Amino acid sequence: MIFRRIAMVVTMLLVVVTASYGQAEKRRVIIDTDPGTDDAMAILLALNSPELKVEAFTVVPGNVDSAQGLENALKLVSLAGRCDIPVARGATHPLNQKLITAQYWHGKNGLADIELPPSKCKADARFGPDLIIELVHKYPHEITLIPVGPLTNIALAVSKDPSIAKLVKDIVIMGGSITGGNVNGAAEANIYNDPEAAQIVFNAGWIVTMVGSDVGERTLMTRKHLEALASSHGPQNDVVTGIARFYVERSEKSGYSGAAMYDPLAVGTVVDPTLVTLKEMHVDVETRGEFTRGETLANRMGANERNVLHGDHYEIEGYDALPINARVCLGSDAERFLNLFISRIKGK
């Protein structure tokens, strides 16, 4: 009898310890977003991932303008029944250029022209970058920032309070590419939409985990995955299926074999870092080039040649090391990620 009671007590303690450990292991995240079809999928992936504790959504203009983005974010959070999470509007335009929106890829309303029910959630009154600063100080070394749109809000936050660069746990962006762009030969869309903001973010003093468009374009949702999603139903499941169908069809018309899972992969990288392969590099952002504005330039050697003037010419006299400021995603386990995504959304 005594041994049975001891066993019961030990079992109860293990349950409590395991539950506490699991709760402690949740990663606090802030998602900065410009919803957006793939943003919508990323948002719902995050809200259905027990590994994450979403502390806030901040809205940045990009795929759609700021007002439409805020409306979309509120509707998605409401759809998931999470009005407890603050949703705050941020910047209304890039730092130094006019906004470029992407309804071609995302539909007129940014959500594949699917009309979601009116939101039961209300926008938070705080300015998005200020909310980021507030939460980073409230939870020092615990917050992971996940910007999946242009980096305007993040640049504003770290410019206003540079100390947050040392206080965040991680920053995982969807943006950039080291093998050519998706808006032109050089630049990826999120970086192209605000290169000055991106240059600020990459040089803020933290290590940026960069999940670029080149890897997103090798992580494709195909008809096979779409059928798997469509085989089950639920409010979130049905919305994601409709969005995914629009996105897959648009991608096929543009010559792709499926829809690039850009933003969801960035969230997936935080949920399970083993889904991707990363390499430390130094990354700069081109802000002036005629053909290369918005390009993310990755120095894979970690150094530049040092050229010294000798009379009428320069001579190479060695190398100058560059500081590592990024972990660049080189590849993903695409099928494992897509299976994870589908499993989290099915039936929801």
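The values are calculated or read from the model by the stated rules, or taken from the named source; none is laboratory data. The shown structure was predicted, so the numbers you read here are calculated from the model rather than taken from an experiment. Cβ sites come from the backbone with ideal geometry, for glycine too, and all protein chains shown count toward neighbours.
The residues of region 83-129 that are farther than 12 Å from V59 by Cα and of a type in the set (D, E, K, R), listed by number, are D84, K98, K108, D113, E115, K120, K122. Do we have V201 as crowded, with 20+ Cβ neighbours inside 10 Å, touching a residue at least 12 places away in the same chain (Cβ under 8 Å), in contact with a helix residue (DSSP H, G or I) (Cβ under 9 Å, 6 or more places away or on another chain) and at negative phi here? So V201 fits the description; yes. When region 37-53 is limited to residues that are more than 13 Å from the chain's Cα centre (by Cα) and not polar (S, T, N, Q), the one that is surrounded by the most Cβ atoms within 10 Å (Cβ to Cβ) turns out to be L47.
Can you name the condition, by its number, that G185 falls short on among (1) more than 25 Å from D130 (Cα to Cα); (2) crowded, with 17+ Cβ neighbours inside 10 Å; (3) of a type outside the set (A, V, I, L, M, F, W, C)? G185 satisfies all of (1) more than 25 Å from D130 (Cα to Cα); (2) crowded, with 17+ Cβ neighbours inside 10 Å; (3) of a type outside the set (A, V, I, L, M, F, W, C) except (2). In region 94-121, the residues that are closer than 16 Å to V248 by Cα reach residues that are in a loop (DSSP other than H, G, I, E, B) and aliphatic (A, V, I, L, M) with C-beta atoms within less than 6 angstrom, at least six apart or across chains, in these pairs: G110/V64.
Per-residue answers, yes or no, for (1) buried (at least 19 other Cβ atoms within 10 Å of the Cβ); (2) under 20 Å from the mean Cα position of the chain (by Cα); (3) of a type in the set (K, R); (4) modelled with pLDDT under 95:
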| site | (1), (2), (3), (4) |
| --- | --- |
| T101 | no, yes, no, no |
| K122 | no, no, yes, no |
| P129 | yes, yes, no, no |
| L135 | yes, yes, no, no |
| I146 | yes, yes, no, no |
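Would a scan of region 189-196 turn up a residue that is closer than 16 Å to T269 by Cβ and in contact (Cβ under 8 Å) with a residue 40 or more places away in the chain? Yes, because at least one residue in region 189-196 is closer than 16 Å to T269 by Cβ and in contact (Cβ under 8 Å) with a residue 40 or more places away in the chain. Residues in region 69-98 that are farther than 24 Å from V54 by Cα and surrounded by fewer than 19 Cβ atoms within 10 Å (Cβ to Cβ): H93, L95, N96, Q97, K98.
Of the residues making up region 163-185, those that are closer than 15 Å to E217 by Cα, assigned to a loop (DSSP other than H, G, I, E, B) and in contact with a Phe, Trp or Tyr (Cβ under 8 Å, 6 or more places away or on another chain) are G181, V183, N184, G185.
I need every pair where a residue in region 71-89 that is more than 13 Å from G128 (Cβ to Cβ) has its Cβ under 9 Å from the Cβ of a residue that is in a helix (DSSP H, G or I) and among the acidic types (D, E), sequence separation at least 6 or different chains. That search, which allows pairs on different chains as well, returns N72/D39; L76/D39. With respect to the conditions (1) touching a Ser or Thr at 6+ places or on another chain (Cβ under 9 Å); (2) over 22 Å from N339 (Cα atoms); (3) not aliphatic (A, V, I, L, M), E55 lacks only one, and its number is (1). Candidates T269, T287: the one that is more than 20 Å from the chain's Cα centre (by Cα), among the β-branched types (V, I, T) and closer than 30 Å to N109 by Cα is T287.
The number of residues in region 306-345 that are surrounded by fewer than 19 Cβ atoms within 10 Å (Cβ to Cβ), touching a residue at least 24 places away in the same chain (Cβ under 8 Å) and not aliphatic (A, V, I, L, M) comes to 4. Contact map, region 277-305: residues that are over 16 Å from N190 (Cα atoms) and hydroxyl-bearing (S, T, Y) paired with residues that are modelled with pLDDT of 90 or more and part of a strand (DSSP E or B), Cβ distance under 6 Å, separation 6+ or inter-chain. Pairs shown: T277/L330; T277/G331.
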